Amino acid sequence: MSRLRLFLDPFLLLLIAMVVLASMVPAHGRGAQAVNIAADVGIVLLFFLHGAKLSREAIWNGARAWKLHLATLGTTFAAFPLLGLATQQIGALPATMRAGLLFLTLLPSTVQSSIAFTAIARGNVAAAVVSASFSNLLGIFLTPVLVALLMQGGGTAGMISLQSMEGIVLQLLLPFVIGHLMRPWIGGFVERHRTMLGRIDRTSILLIVYSAFSAAVVDGLWHKVSRAELALLTGVCVAMLIVVLLFSWALGRVLGFAREDAIVLQFCGSKKSLASGVPIAGVLFPASVVGPLILPLMLFHQIQLIACALLARHYGAEAEREEGTRNQEGSGEVNAV
């Protein structure tokens with residue numbers, strides 16, 4: 001069962017269930033208004049909790065292994081967006097899907113799964129914690145800026161408005177800062193109830209997804225997207241992940257990172273956060289656009305979990321073999337003496 005959970009994220013199944021529910025029973029009229037208000041409240045709560053969870057120590061520690069963290073951030077916020085810009089030339093995909101591909105490349109790294117896979121691979125877990133947390137912290141500021149700079153053309157013009165940028169400040173940045181400033185008083189509660197608060201996080205995201213896809217379905221989403229386009233989108237997501245995994249591996253070799261740090265660069269640099277991407281999209285873009293816009297992100301999320309699970313197991317087994325060989329050599333030397 002644990003192996004199955006590595007390959008198929010239960011949370012993704014819930015996300016798919018929300019998409020199916022929104023497709024069959026989309027929110028209309030006053031119901032849609034109520035769902036939208038609840039989704040906005042969920043976004044505020046989500047980023048308030050993110051701020052409360054992040055310790056100041058983690059922020060300050062981000063500057064220590066600066067070479068590794070700069071390489072990870074460069075992969076996340078520079079190399080990845082270049083891939084996203086390249087996908088804008090795929091004319092066989094609708095403009096909104098292309099915008100979704102670009103949007104996912106502008107997002108920060110995941111936290112929990114990046115750390116978990118680094119641990120399985122016998123990498124530098126402490127550095128992974130700092131790198132992933134630092135990426136998420138910077139993503140709250142950098143992602144909206146990159147969206148404003150890179151997503152004004154190619155079918156995305158008009159999606160982003162001054163009101164959207166105000167929403168980023170009021171719904172994302174302000175709750176995050178308030179949550180972080182309140183950490184001295186509520187930090188203990190947050191640490192003791194991580195499981196419960198994690199469920200609140202996920203419930204908020206599910207609500208946002210239902211709200212987004214309801215609006216998209218009412219706008220005729222499934223009449224505009226074909227199976228061939230979905231298949232092509234999946235292929236593009238797989239290709240993007242392969243490219244960034246190879247790039248991050250090669251970059252680690254060029255920079256001379258130890259094996260443990262190279263694993264951090266690969267796992268933290270190649271992953272994109274669904275937990276951050278869904279609420280940011282909900283704030284930045286019109287409701288009718290959010291559904292198709294986050295389709296690439298939902299696909300990429302599952303693909304990256306499967307690929308990184310395979311890589312983590314491979315690296316972990318490799319480390320065990322090397323450790324076993326060293327132990328045998330050490331015992332042989334002792335016996336010889």
(request) Being in contact with a Gly (Cβ under 8 Å, 6 or more places away or on another chain), at pLDDT 85 or above and hydroxyl-bearing (S, T, Y) is the filter here, so list the residues in segment 268-294 that pass it. (result) S273
(message) Which of the numbered conditions does G154 fail, given that it passes all the others? Conditions: (1) surrounded by fewer than 18 Cβ atoms within 10 Å (Cβ to Cβ); (2) closer than 17 Å to V41 by Cα; (3) at pLDDT below 65.
(response) (2)
(message) Looking only at segment 17-69, filter to residues that are at pLDDT 85 or above, buried (at least 19 other Cβ atoms within 10 Å of the Cβ) and among the small types (G, A, S); which one of those is farthest from the chain's Cα centre (by Cα)?
(response) A27
(message) Filter segment 199-223 down to the residues that are of a type in the set (G, A, S) and exposed (fewer than 14 other Cβ atoms within 10 Å of the Cβ) and list them by number.
(response) G220
(message) I want to confirm something. Restricting to segment 263-279 and keeping residues that are assigned to a helix (DSSP H, G or I), closer than 10 Å to C308 by Cβ and not hydroxyl-bearing (S, T, Y), which single residue is farthest from the chain's Cα centre (by Cα)?
(response) Q266
(message) Being part of a helix (DSSP H, G or I) and closer than 23 Å to V225 by Cα is the filter here; which residues of segment 281-294 pass it?
(response) A281, G282, L284, A287, S288, V289, V290, G291, P292, L293, I294
(request) Taking the residues in segment 70-96 that are in a loop (DSSP other than H, G, I, E, B) and either within 15 Å of F247 (Cα to Cα) or without any contact (Cβ under 8 Å) to a residue 24 or more places away in the chain (or both) as candidates, determine which candidate is farthest from the chain's Cα centre (by Cα). (result) G91
(request) Return the residue satisfying two criteria in turn: it lies in segment 226-257 and is in contact (Cβ under 8 Å) with a residue 24 or more places away in the chain and not in a helix (DSSP H, G or I), and of such residues it is surrounded by the fewest Cβ atoms within 10 Å (Cβ to Cβ). (result) L255
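The values are calculated or read from the model by the stated rules, or taken from the named source; none is laboratory data. Computed from a predicted model, the values in this text were never measured in an experiment. Cβ sites come from the backbone with ideal geometry, for glycine too, and all protein chains shown count toward neighbours.
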